[in-house]
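The structure appears right after this line, and notes come after that.
The values are calculated or read from the model by the stated rules, or taken from the named source; none is laboratory data. Remember, it's a predicted structure, so these values are computed and weren't measured experimentally. A quick note on method: Cβ atoms are made from the backbone with ideal geometry, for glycine too, and the neighbour counts reach across all protein chains shown. Ligands, DNA and RNA are stripped out before the accessible areas are found, and what is left, the full protein with its side chains, is counted by its heavy atoms. Shrake-Rupley method; radii C 1.70, N 1.55, O 1.52, S 1.80 Å.
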Amino acid sequence: MSMRELVVLGTASQTPTRARNHNGYVLRWDDEVILFDPGEGSQRQLLHSSVTATDLTRICVTHFHGDHCLGLPGMIQRLSLDRVPRPVAVHFPAGGVDYFARLRHASSFHETAELAVEPIEADGQRIVLRHGTLEARRLRHRVETYGYRLLEPDGRRMLPEKLAAYGIAGPAVGELLRTGHLDLDGRRVTREEVSVRRPGQRFAFVMDTALCDAVYALAEHADLLVIESTFLESEAALAAEYGHLTAGQAARVAAESGVRRLVLTHFSQRYADPARFVDEARRHFDGDLVIAEDLTTVRVPPRRVPSDE
């Protein structure tokens, strides 16, 4: 059975706290297990989660500020220590290739894991996966930064009553899906006559950025949006100065983009009470809201109801 869920390893921005580890997020998406922004301590946080290093298929880094990448040396060495049985792709801003090289070989170790190093070189770059497409969009921060979204193509949901009415069953159903039609007793039955469109699911990951068009592009119709909300509106000027979002801005993006489940994270250490983020976000977003906590799991919502055609 396929599984689509987010495992939160850490939620602190800049500096970890006693309650919050540096950033770290794992997305389980069918046969893909993607680690996003492994901050310091991510390797240890994995030990307290349901994810192991050998599960990982891909690592995505948004940018090379320390709270988003200082866990890379440990994670890369752990892949070799555990002899991960497959190549692990690594994506990061191409302008930070020297940073990646230094982090990858930050200390001496016996490298056995195979890394497929695939930097992001352009806004809109796409990586084809088995069950969708991973797209990177350039964000607006003080260093080169990309957000990511995973797009599953639309499919079809077969209607059992329609299939039964035409006497279509067994292998014929698969043939109909593949070819788009079947010829039965002199009549052509099309795929559209016995099915409805099944919208593909969407996941978006937006870290350090000021508000910009790419934030909206990434969030558009996301089933699950994970987005930074470093500051509250009381520090909006500080957020703008350092290229970050407030909880209110993140919530407005979600509301205007048709997001189904919103996960706020990357909190400044100045805030001890997460309820303040709830209060601020609720002024703009009335959908499913999660204030991320370390070592929690957030499911991707069930599929949208298919539309009739």
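When DSSP assigns beta bridges and you keep just the ones with both residues in the range 12-154, what percent turn out antiparallel, to the nearest 5? Before the final figure, lay out each step's value.
Values: 15 of 26 bridges.
Looking only at bridges with both residues in the range 12-154, the antiparallel portion is about 60 percent.
Whole-Hz ³J(HN,Hα) for each residue in the range 119-132, computed from phi via Karplus 6.51 cos²θ - 1.76 cosθ + 1.60 with θ = phi - 60°, x for glycine and proline: what do you get?
So the Karplus estimates, Gly and Pro as x, are x, 8, 10, 8, 4, x, 4, 10, 10, 7, 10, 5, 10, x Hz.
Can you pull the accessible area of residue 297 for me, 1.4 Å probe, Å² to the nearest 10?
Estimated to the nearest 10 Å², residue 297 gives 80 Å².
Give the share of C-alpha pairs in each 10 angstrom bin for the range 5-67, from 0 to the last occupied bin, in whole percents, shortest bins first.
24, 56, 19, 1
If one puts a single equal scatterer on every Cα of the chain and applies the Debye formula without solvent, what log₁₀ I(q)/I(0) results at q = 0.07, 0.14 Å⁻¹?
The Debye formula, applied to the Cα set alone, gives -0.31, -1.01.
Roughly what % of Cα-Cα distances in the range 169-309 sit above 25 Å, to the whole percent?
On the way: 4062 of 9870 pairs.
Roughly 41 percent, rounded to a whole number.
Take 105, 141 and sort them by solvent-accessible surface of the protein heavy atoms, 1.4 Å probe, largest at the top. Don't skip to the end; give the middle numbers.
Numbers: 105 110, 141 30 Å².
Result, largest first: 105, 141.
Quick one: with all protein chains in place, what share of the accessible area of the range 1-144 is carbon or sulfur, to the nearest percent (1.4 Å probe)?
Details: 3090 of 6520 Å².
On the range 1-144, the fraction of accessible area on carbon and sulfur atoms equals 47 percent.
Given the whole protein assembly as supplied and a 1.4 Å probe, what does the accessible area of residue 13 come to in Å², nearest 10?
0 Å²
Can you run the Rg to Rh ratio on the range 158-228? Use alpha carbon positions and the Kirkwood inverse-distance Rh. Provide the component values of the computation, followed by the final result.
Working: Rg = 20.0 Å, Rh = 15.2 Å.
When Rh is taken as the Kirkwood radius, the ratio is 1.32.
Using only the alpha-carbon atoms of the range 204-263, report the extent along each of the three principal axes, biggest first, to the nearest angstrom.
Computed over the Cα atoms, the extents are 30, 18, 15 Å.
In the range 5-43, what trypsin sites (Lys or Arg not before Pro) fall in a loop by DSSP, with at most 12 other Cβ atoms inside 10 Å? Write down the numbers at each step before the final one.
Numbers: sites: 18, 20, 28; in loops: 18, 20.
Answer in residue order: 18.
Using helices alone, I'd like the mean residue ellipticity at 222 nm for the chain: each DSSP H run of four-plus residues gives -39500 (n - 2.57), total over residue count, nearest 500.
Values: 9 runs with 73 residues, N = 309.
Taken over the chain, the calculation gives -6500 deg cm²/dmol.
So for 129, 184, what's the accessible-area order with a 1.4 Å probe, most first?
Working: 129 20, 184 55 Å².
Heavy-atom accessible area, descending, gives 184, 129.
Tell me which residues come under 5 Å, amide H to amide H, from residue 295 once H is placed; ignore anything under 5 positions away on its chain.
8, 9, 10
Per 5 Å bin from zero, what fraction in whole % of the C-alpha pairs of the range 106-218 is there, up to the bin with the longest pair?
P(r) over the range 106-218, rounded to whole percents: 2, 9, 14, 13, 9, 10, 10, 9, 8, 7, 5, 2, 1, 0, 0.
On alpha carbon coordinates alone, what is the Rg over Rh value for the range 35-78, Rh being the Kirkwood radius?
On the way: Rg = 9.7 Å, Rh = 10.4 Å.
Radius of gyration relative to Kirkwood radius: 0.93.
Rounded to a whole number of µm²/s, how large is the Stokes-Einstein D of the range 3-142 at 25 °C and 0.890 mPa s, given Rh as the Kirkwood radius over C-alpha pairs?
Calculated translational D: 161 µm²/s.
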